[in-house]
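A short write-up of the structure that comes next.
The values are calculated or read from the model by the stated rules, or taken from the named source; none is laboratory data. In this text the structure is predicted, and so the values were computed from the model without any measurement. Because the Cβ atoms are built from the backbone with ideal geometry, glycine has one as well, and the counts that use them run over all protein chains shown. Heavy atoms of the whole protein, side chains included, go into the accessibility calculation; ligands, DNA and RNA do not. Shrake-Rupley method; radii C 1.70, N 1.55, O 1.52, S 1.80 Å.
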Amino acid sequence: MALYVGVDGGGSKTQVFVLDDESQRGVTCVGHASNPNSVGWDAALAAIESLIGQCLRSMGAQAGDVCGLSVCMSGVDRPEQVAAIRKRITQNFSGRSVEVANDALAALAAGTGGTPGIVLIAGTGSIAVGESASGNTVRAGGFGYLIGDEGSGFHIGRAGIMAAIQSAEGRGPHTVLWEQLRDAFHLRQPSDVIDAVYQSSYPVQKVASFAKRVIESAAVDPVAEAILDDAVRHQASLVRSIQDQLIQHQLADDALQQLVLSGGIFTSNDVLTERLQHRLPDVQCQVLRVCAASGAALRAALCHRRMSGNGNWPDPAWMEGWRRAARNPQEIADPSSDVDAGQSTMVSLEGM
């Protein structure tokens with residue numbers, strides 16, 4: 001076996017995609033969140049290691065079968081963070097090529113097939129990243145829910161919850177968001193939201209989960225509509241910042257026109273995508289419809305082959321096989337997770 005492991009570690013869940021380059025089989029597994037700023041370093045790394053192990057066992061593989069790993073995690077960028085994670089990962093995968101990067105780069109690679117572009121992630125949190133043909137990257141946002149995450153699910157959910165409470169208490173405009181919040185969180189009165197959020201195992205994700213109700217209400221509720229307009233304004237600002245940085249550093253090439261949109265805010269429906277495209281008429285918005293972890297696995301393969309001196313790889317046939325696998329991900333269940341990961345299956349790159 002020659003395996004490439006891709007990790008997409010987010011604020012709501014973690015997904016691992018393992019591709020066997022020889023037999024052209026792959027497997028994915030979904031588990032707990034692994035943003036260290038939300039769940040802590042120990043929990044984040046434990047989630048990743050558990051999922052990798054589950055995938056390898058399902059394939060009858062061992063750590064020695066892995067050629068390369070790309071561990072892409074939200075909340076990770078600083079050199080000391082990267083070094084610490086790489087040290088932890090290489091304890092189990094000694095001698096293998098290990099890349100540690102922000103999770104935005106996994107989504108970008110999954111959307112562009114490894115070519116230059118810009119990715120905007122709006123899930124629980126938010127961040128925009130641009131990567132040039134030379135591999136240089138720039139970023140905007142990604143500062144976490146306490147001081148950032150503009151236009152994210154947390155941003156929208158928090159604004160919606162606040163508007164709902166204010167409406168119920170008569171200190172804000174009337175909005176259907178109170179009825180939505182009451183139903184979503186099973187509340188009787190506004191004060192019940194305190195326990196619903198603060199006693200939750202994952203309060204940040206709990207708040208972000210309400211974004212779906214806000215988006216659904218925007219068509220009939222002016223308060224929800226205003227919240228979405230504010231979110232899209234912030235999202236467009238993140239993208240414009242990336243464009244400006246690429247131009248400033250003379251890295252623009254073809255990256256300015258290709259925008260990959262990732263995260264539940266965009267994949268759950270088309271409302272925000274359409275609004276953002278209207279604000280950014282000069283870019284081509286493409287919603288990521290495949291798992292970002294497959295992009296991380298692609299990055300792992302590219303990094304390993306570059307280190308091996310094979311500059312002409314990958315060939316078109318290999319890339320088409322990877323694309324077929326990415327479009328048809330199947331998951332195995334992680335027994336340690338309460339995330340519904342589907343049935344235990346393997347996916348073949350051939351004959352799909």
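Give me the pairs, please: first residue somewhere in the range 121-144 and under 22 Å from His249 (Cα atoms) and at pLDDT 90 or above, second residue anywhere and outside any strand (DSSP E or B) and open to solvent by 30 Å² or more (accessible area, probe 1.4 Å), beta-carbon distance under 6 Å, and either six or more positions apart or on two chains.
What qualifies is Val138/Gln245; Ala140/Ser241.
For the subset of the range 145-203 comprising residues that are acidic (Asp, Glu) and closer than 26 Å to Ala236 by Cβ, which member is surrounded by the fewest Cβ atoms within 10 Å (Cβ to Cβ)?
Glu150
What tally of residues in the range 204-228 results from selecting those that are part of a helix (DSSP H, G or I), over 18 Å from the mean Cα position of the chain (by Cα) and either of a type in the set (Gly, Ala, Ser) or farther than 24 Å from Tyr145 by Cβ (or both)?
Here the count works out to 4.
So for the range 70-90 (the condition being open to solvent by less than 10 Å² (accessible area, probe 1.4 Å), under 28 Å from Arg323 (Cα atoms), in contact with a strand residue (DSSP E or B) (Cβ under 8 Å, 6 or more places away or on another chain) and acidic (Asp, Glu)), does at least one residue qualify?
Looking for residues that are open to solvent by less than 10 Å² (accessible area, probe 1.4 Å), under 28 Å from Arg323 (Cα atoms), in contact with a strand residue (DSSP E or B) (Cβ under 8 Å, 6 or more places away or on another chain) and acidic (Asp, Glu), one finds none in the range 70-90, hence no.
Gln248 fails exactly one of the following numbered conditions: (1) under 28 Å from Gly172 (Cβ atoms); (2) surrounded by fewer than 18 Cβ atoms within 10 Å (Cβ to Cβ); (3) without any contact (Cβ under 8 Å) to a residue 24 or more places away in the chain. What is the number of that condition?
(1)
Any idea which of Ala255, Ala231 is open to solvent by less than 10 Å² (accessible area, probe 1.4 Å), at pLDDT below 90 and under 20 Å from the mean Cα position of the chain (by Cα)?
It is Ala255.
Of everything in the range 125-141, what is touching a Leu at 6+ places or on another chain (Cβ under 9 Å) and buried (at least 24 other Cβ atoms within 10 Å of the Cβ)? Give them in sequence order.
Residues satisfying the conditions are Ser126, Ile127, Ala128, Val129, Gly130, Glu131, Gly141.
Residues being in a loop (DSSP other than H, G, I, E, B) and either over 12 Å from Leu298 (Cβ atoms) or under 10 Å from the mean Cα position of the chain (by Cα) (or both): count how many of those fall in the range 1-25.
Going through the range 1-25 one residue at a time, the tally reaches 9.
So, restricting to helices (runs of 4 or more DSSP H) that lie completely within the range 120-199, which ones have at least 2 residues that are within 30 Å of Gln258 (Cβ to Cβ)?
Answer list for the range 120-199: 144-147, 153-168.
Please enumerate the residues belonging to the range 99-119 that are in a strand (DSSP E or B) and open to solvent by 20 Å² or more (accessible area, probe 1.4 Å).
Within the range 99-119, Glu99 is the sole residue that qualifies.
Got a sec? Which of Val7, Val30 is among the aliphatic types (A, V, I, L, M), closer than 16 Å to Val98 by Cα and at pLDDT 85 or above?
Result of the check over Val7, Val30: Val7.
Regarding Gly75, is this residue modelled with pLDDT under 85 and outside any strand (DSSP E or B)?
Yes, satisfied.
Being open to solvent by less than 40 Å² (accessible area, probe 1.4 Å), free of Cβ contacts under 8 Å to residues at least 24 places away in the same chain and more than 20 Å from the chain's Cα centre (by Cα) narrows it down to one residue among Gly95, Gly40, Gly53; which is it?
Selected residue: Gly53, the only one of Gly95, Gly40, Gly53 that is open to solvent by less than 40 Å² (accessible area, probe 1.4 Å), free of Cβ contacts under 8 Å to residues at least 24 places away in the same chain and more than 20 Å from the chain's Cα centre (by Cα).
Condition (residue is modelled with pLDDT of 85 or more and part of a strand (DSSP E or B)) applied to the range 277-284: is it met by at least one residue?
Checked against the condition, which is being modelled with pLDDT of 85 or more and part of a strand (DSSP E or B), the range 277-284 yields at least one hit.
Just the residues that are open to solvent by 60 Å² or more (accessible area, probe 1.4 Å), in contact (Cβ under 8 Å) with a residue 40 or more places away in the chain and charged (D, E, K, R), please, taken from the range 276-309.
The one that is open to solvent by 60 Å² or more (accessible area, probe 1.4 Å), in contact (Cβ under 8 Å) with a residue 40 or more places away in the chain and charged (D, E, K, R): Arg279.
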